[in-house]
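Accompanying notes for the structure given below.
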Amino acid sequence: MDFSGRRVVITGGTGALGIAVVSMLVGAGASCTVPYVHEAEAQLFPHRDNSNVTLIAVSSLADEEQVAKLYAGVRPWASIHLAGGFAGGNVADTDKAALMTQIDNNLISCFLCCRTAVNAMLTGREGGRIVNVAARPALEWRNGAGMSAYAVAKAGVAALTAALAEEVAKDGILVNAVAPSIMDTPANRKAMPKADHSAWPKVEEVAATISFLASPDNRVTRGAIVPVYGKS
């Protein structure tokens, strides 16, 4: 894949999956714009001194003004939306505030970034690529038991992806999403020490799928919610 001369916005780029995606795209010649919320994220980000990576501080990607700040002056070839958040909890124990937190972090942030990215791509008239991140419970609803608010939010991301793909296909913008199962990250290993970690997809493997969907090599795939489950 060749991203030479192409700008890519990557939300959630300072997380485990995000770092893998940024590494892959920078290696393929991309210039990456990566937002962060906490200064500690920027300090620990391994690409912070790379001249092809621009870090931008934001307070919330569920805020229209902050999203506009992220994309200001940027005409991205691709916009990859990894930012989100997970919280478990039965419906009986989940109040409106907890539900809205999941919807803000996962769905609203994705919607606003999609909207802003599409408008930026349309001004360039060159098309582009958008890749969102849903989750396995977004496709297999029963897997959302015990995490219903998260499942609802990620199902919204899946629906948004398919609907938006139809809206902008004529403009040469291909929109897709990946739906990971539990990924092999240090945090997940710590949370589930007895799980079969070898069955989990590696972040580099998921990053490879995301990078292809975001690349010029992807000429025809749109509206897909791609399961990236590994052996799990």
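The values are calculated or read from the model by the stated rules, or taken from the named source; none is laboratory data. Keep in mind it's a predicted model, so treat the numbers as computed, not measured. We place every Cβ from the backbone using ideal geometry, glycine too, and count neighbours over all the protein chains shown. Heads up: the accessible areas ignore ligands, DNA and RNA and are worked out on the full protein's heavy atoms, side chains in. Shrake-Rupley method; radii C 1.70, N 1.55, O 1.52, S 1.80 Å.
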* Structure fact -> Nearest 10, in degrees from 0 to 90: the angle of helix 16-27 to the longest Cα principal axis of the chain is 20
* Only helical DSSP H runs with n ≥ 4 go in: add -39500 (n - 2.57) per run for the chain, normalise by residue count and round the 222 nm mean residue ellipticity to 500 deg cm²/dmol. => -11500 deg cm²/dmol
* **Sequence-distant residues sharing a close amide H with residue 80 (under 5 Å, placed H)** => 9, 10, 11, 131
* Asked: Near residue 96, which lysines are there with a Cα under 24 Å away, not counting those fewer than 8 places off in the same chain?
  -> 154
* Asked: Can you list the residues, at least 5 places off or on another chain, whose amide H is less than 5 Å from the amide H of residue 57, using H built in the peptide plane?
  -> 36
* Structure fact -> Phi-derived 3J(HN,Hα) across segment 31-40 with the Karplus relation (6.51, -1.76, 1.60, θ = phi - 60°), rounded Hz, x for Gly and Pro, is 9, 10, 10, 10, x, 9, 9, 10, 4, 4
* Structure fact -> Between residue 226 and residues 5 or more places away or on another chain, the pairs with built amide H atoms under 5 Å apart involve 177, 178, 179
* Which trypsin sites (Lys or Arg not before Pro) from segment 86-145 combine a DSSP loop assignment with at most 15 other Cβ atoms within 10 Å? -> 125
* To do: Label segment 92-232 by shape, choosing from rounded, prolate and oblate, from the square roots a ≥ b ≥ c of the eigenvalues of the Cα gyration tensor; if a/c is under 1.5 it is rounded, and otherwise prolate applies when a/b is larger than b/c, oblate when it is not.
  => oblate
* Structure fact -> Under the 7 Å Cα-to-Cβ spin-label approximation, residue 123 and residue 205 lie apart by a distance in nanometres of 4.0
* residue 90 paired with residue 65, simple spin-label distance in nm, labels 7 Å along Cα-to-beta-carbon -> 4.2
* Normalising by the residue count of the chain, find the relative contact order in percent from Cα pairs under 8 Å and 6+ residues apart. => 20
* Structure fact -> In order over segment 56-62: 3J(HN,Hα) from phi, Karplus 6.51/-1.76/1.60, θ = phi - 60°, whole Hz, x for each Gly or Pro, gives 10, 6, 9, 8, 6, 7, 8
* To do: Note down the nm distance, to one decimal, between modelled labels 7 Å out along Cα→Cβ at residue 37 and at residue 169.
  => 3.5
* Gain in span if fully extended, residue 192 to residue 54, counting 0.36 nm per residue against the direct Cα distance -> 46.3 nm
* Asked: For residue 11, what accessible area in Å² do you get when you roll a 1.4 Å probe over the heavy atoms of the protein chains, rounding to the nearest 10?
  -> 0
* To do: Could you tell me which of 31, 12, 226 has its Cα farthest along the dipole of the chain towards the positive end, charges placed at Cβ (Lys, Arg +1; Asp, Glu -1), taken about the Cα centre?
  => 226
* Asked: Once phi is turned into ³J(HN,Hα) by the Karplus curve 6.51 cos²θ - 1.76 cosθ + 1.60 with θ = phi - 60°, what whole-Hz value does each residue of segment 41-48 show in order, with x for glycine and proline?
  -> 4, 5, 5, 8, 5, x, 9, 5
* Structure fact -> For segment 1-82, one quarter of the surface area of the C-alpha convex hull, expressed in nm², comes to 5.0
